[in-house]
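The values are calculated or read from the model by the stated rules, or taken from the named source; none is laboratory data. Just so it is clear, the model here is predicted, and its values are computed rather than measured. Glycine also receives a Cβ, built like all others from the backbone with ideal geometry; neighbour counts cover every protein chain displayed. Quick note on the areas: whole protein, heavy atoms, side chains included, nothing else; ligands and nucleic acids left out. Shrake-Rupley method; radii C 1.70, N 1.55, O 1.52, S 1.80 Å.
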Amino acid sequence: MNRTVNGDNSLSYTLVCAVAEFEECCPHALPPLQDTLDVDALNRLFSSETDEHSKLEGNLAFQYSDSFVSVWSDRLVTVSIAPSRGN
């Protein structure tokens, strides 16, 4: 599942909503995103207001809840099934 950050919403909000939709649950049923990573740093790192010369290229990938999340420099959020811990 892919979701692009809307200019009115923060990256972290979009990410949590995308994971909730992917996992078919309410966003409030998910663990706090702050327990996984620094939410303020995530929002700043991928801010649409970042100076073009310092804009991040690439992506950040991590597991959140039961999902694997990738955040791309173009503010695209990709959610997929997390790899099993036994692999």
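Take the residues in the range 6-23 that are assigned to a helix (DSSP H, G or I) and without any contact (Cβ under 8 Å) to a residue 12 or more places away in the chain; name whichever of them is least open to solvent (accessible area, probe 1.4 Å).
My answer is Ala20.
Within the range 30-42, which residues are open to solvent by less than 40 Å² (accessible area, probe 1.4 Å) and in contact with a Phe, Trp or Tyr (Cβ under 9 Å, 6 or more places away or on another chain)?
Those that are open to solvent by less than 40 Å² (accessible area, probe 1.4 Å) and in contact with a Phe, Trp or Tyr (Cβ under 9 Å, 6 or more places away or on another chain): Leu30, Leu33, Leu37.
Search the range 23-62 for residues being of a type in the set (Ser, Thr, Tyr) and modelled with pLDDT under 85, and hand back the single one that is farthest from the chain's Cα centre (by Cα).
Ser54
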